[in-house]
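Here is the structure we will look at.
The values are calculated or read from the model by the stated rules, or taken from the named source; none is laboratory data. Only a predicted model underlies this, so the values are computations on that prediction, with no experimental measurement involved. Neighbour counts are summed over all protein chains in view; Cβ atoms, including those assigned to glycine, are modelled from backbone coordinates with ideal geometry. Surface areas here come from the heavy atoms of the whole protein model, side chains and all, with no ligands, DNA or RNA. Shrake-Rupley method; radii C 1.70, N 1.55, O 1.52, S 1.80 Å.
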Amino acid sequence: MDPHIPTRDEAYALLREFNQTDKAIKHALAVEAAMRHFAAQRNQDVEKWGIIGLIHDLDYEQFPSQHCVKTRQILTDRNYPPDYIRAVLSHGFGHCTDVEPVHEMEKILFAIDELTGLIIAATLVRPSRSLDDLEVKSVRKKWKEKSFAAGVDRSVIERGSAMCNIPLDSLIAETIAALRPIAAALGLQRATG
């Protein structure tokens, strides 16, 4: 049987089947937006990259101790293509899988997963709480504060940046740019009125 290429709607429904919290959904949307952005820059399959970003943490909310392991099972059971499954597993390289990111799409996912969390956290402590005026230097300032967003593994972001051969400041700038179009969905849009 040929693998099933999921639509974005199918992938989103699958995400919602396994994730209910606002935080998990917003993280998935952020990673999806970043993946779409980087795919478009590289003339790659924007839909495929976006879907992989959307479902990358599929199992984390319900099965944190089996992160990536359950996702492999869920996606295999739904006949997802092997390259989608491999890409999703590669984001956990060195933590919960031994699937090393080798393809460009996998390297980007590895690099931006943790970074989106840091960018969102840095935005939430700004007076504007808006991505509109967030700058790289603000993220870098928060980067240095180890107690800030302590759950964000900065070494993973640095490794990802090196894997992708993208300077860290450029990776941050491009990821901020990727998130701006979905600022309203993330609750990070400047208040009007």
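With r defined as the distance between the Cβ atoms of Glu135 and His103 and R0 fixed at 41 Å, what FRET efficiency is calculated, to the nearest 0.05? Could the numbers behind the result be given before it?
Numbers: r = 31 Å, r/R0 = 0.76.
Efficiency computed from Cβ-Cβ geometry: 0.85.
Express the accessible area of region 97-193 per residue in Å², computed with a 1.4 Å probe while the remaining protein chains stay in the model. Please report the intermediate quantities before stating the final value.
Working: 4740 Å² over 97 residues.
The answer is 49 Å² per residue.
In the chain, carbon and sulfur make up what percent of the accessible area (probe 1.4 Å)?
Values: 4750 of 9340 Å².
With neighbouring chains kept in place, the figure for the chain is 51 percent.
What is the magnitude of the charge dipole of region 89-193 about its Cα centre, with +1 placed on the Cβ of each Lys and Arg, -1 on the Cβ of each Asp and Glu, and no other charges, expressed in debye to the nearest 20?
Details: 13 positive and 14 negative charges, 124 e Å.
Here the size comes out at about 600 debye.
Among 45-55, 99-109, 152-162, 18-28, what's the highest-first ranking by average C-beta atoms within 10 angstrom per residue? Please report the intermediate quantities before stating the final value.
Working: 45-55: 22.6, 99-109: 20.4, 152-162: 17.6, 18-28: 16.0.
Going by the mean number of other Cβ atoms within 10 Å, highest first, we get 45-55, 99-109, 152-162, 18-28.
In straight Cα distance, which aspartates and glutamates are under 17 Å from Lys144, not counting same-chain residues fewer than 8 positions off?
Glu114, Glu135, Asp153, Glu158, Asp169
Counting only complete DSSP H runs, which helices of the chain cover 18 Å or more along their long axis at the Cα atoms and score a mean Kyte-Doolittle of 0.0 or above? Intermediate values should be presented prior to the final figure.
Numbers: long enough: 22-41 (29 Å, 0.03); 104-124 (30 Å, 1.12).
Long hydrophobic helices here: 22-41, 104-124.
Under the rule of -39500 (n - 2.57) per DSSP H run of 4 or more residues, summed and divided by the residues of the chain, what mean residue ellipticity at 222 nm is obtained, to the nearest 500 deg cm²/dmol? Mind dumping the intermediate values first?
Working: 10 runs with 116 residues, N = 193.
Result for the chain: -18500 deg cm²/dmol, rounded to the nearest 500.
Assign one of three labels to region 1-82, namely rounded, prolate or oblate, based on the Cα gyration tensor with a ≥ b ≥ c the square roots of its eigenvalues; rounded applies when a/c is under 1.5, prolate when it is not and a/b is larger than b/c, and oblate otherwise.
Values: a/c = 1.92, a/b = 1.19, b/c = 1.62.
Oblate.
Among (1) 53; (2) 43; (3) 47, which is the computed percent of Cα pairs over 22 Å apart?
(2)
Loop only per DSSP, at most 16 neighbouring Cβ atoms within 10 Å: give me the chymotrypsin sites (Phe, Trp or Tyr not before Pro) in region 103-154, ordered by residue number.
Working: sites: Phe110, Trp143, Phe148; in loops: Phe148.
Answer by residue number: Phe148.
By a straight-distance test (C-alpha under 22 Å), which lysines pair with Lys142 as possible cross-link partners, with residues fewer than eight away in the same chain excluded?
Lys23, Lys26
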